[in-house]
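Report on the structure given below.
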Amino acid sequence: MAVEYLHGHGIVHRDIKLSNIVIDEEGFCKLIDFGLSRFGITKSTVMESVLGTVAYLPPEMVSESGHNFLVDSYNLGTMLYEMLVGRPPFWAI
């Protein structure tokens, strides 16, 4: 719900990962660390910066082909994978 709210207000977080989600004293999840976020983004905006946590970088950032709101969806999927498997996808041990 937090990501949907952010996207609805033109904000892309770009660094969603387990360490950026905390639980407050009432038991609610909070999304934190907006240091890499971009504000005032529209659906047609294409960002080209490569930043974030290496294990969570989506393919469009790695290839430097430009990215948009979908990076947050990729980060959510990567985070859920890590919660289920115990390590990020494509992670060599």
Name the one entry in I21, I16 that is aliphatic (A, V, I, L, M) and free of Cβ contacts under 8 Å to residues at least 60 places away in the same chain. I21
Residue by residue through the stretch 1-58, note down the ones that are β-branched (V, I, T) and within 17 Å of Y74 (Cα to Cα). V3, I11, V12, I16, I21, V46, V50, T53, V54
Could you tell me which residue of the stretch 8-44 is nearest to the chain's Cα centre (by Cα), considering only residues that are among the hydroxyl-bearing types (S, T, Y) and within 19 Å of F69 (Cβ to Cβ)? S37
What residue, among those in the stretch 1-42 that are among the hydroxyl-bearing types (S, T, Y) and surrounded by 10 or more Cβ atoms within 10 Å (Cβ to Cβ), is nearest to P88 (Cα to Cα)? S19
Every residue from the stretch 79-93 that is in a helix (DSSP H, G or I) and either among the basic types (K, R) or in contact (Cβ under 8 Å) with a residue 60 or more places away in the chain (or both): M79, E82, M83
Criterion violated by E60 - all others in (1) more than 12 Å from the chain's Cα centre (by Cα); (2) within 24 Å of M1 (Cβ to Cβ) satisfied: (2)
I'm trying to understand the selection: among the residues of the stretch 68-93, which are surrounded by 13 or more Cβ atoms within 10 Å (Cβ to Cβ) and either under 12 Å from the mean Cα position of the chain (by Cα) or basic (K, R) (or both)? N68, F69, V71, D72, S73, Y74, N75, L76, G77, T78, M79
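Quick note: the coordinates plus some simple rules give every number you see, no bench work behind them. Predicted model, so just to flag it, every value in this text is computed and none were measured. A quick note on method: Cβ atoms are made from the backbone with ideal geometry, for glycine too, and the neighbour counts reach across all protein chains shown.
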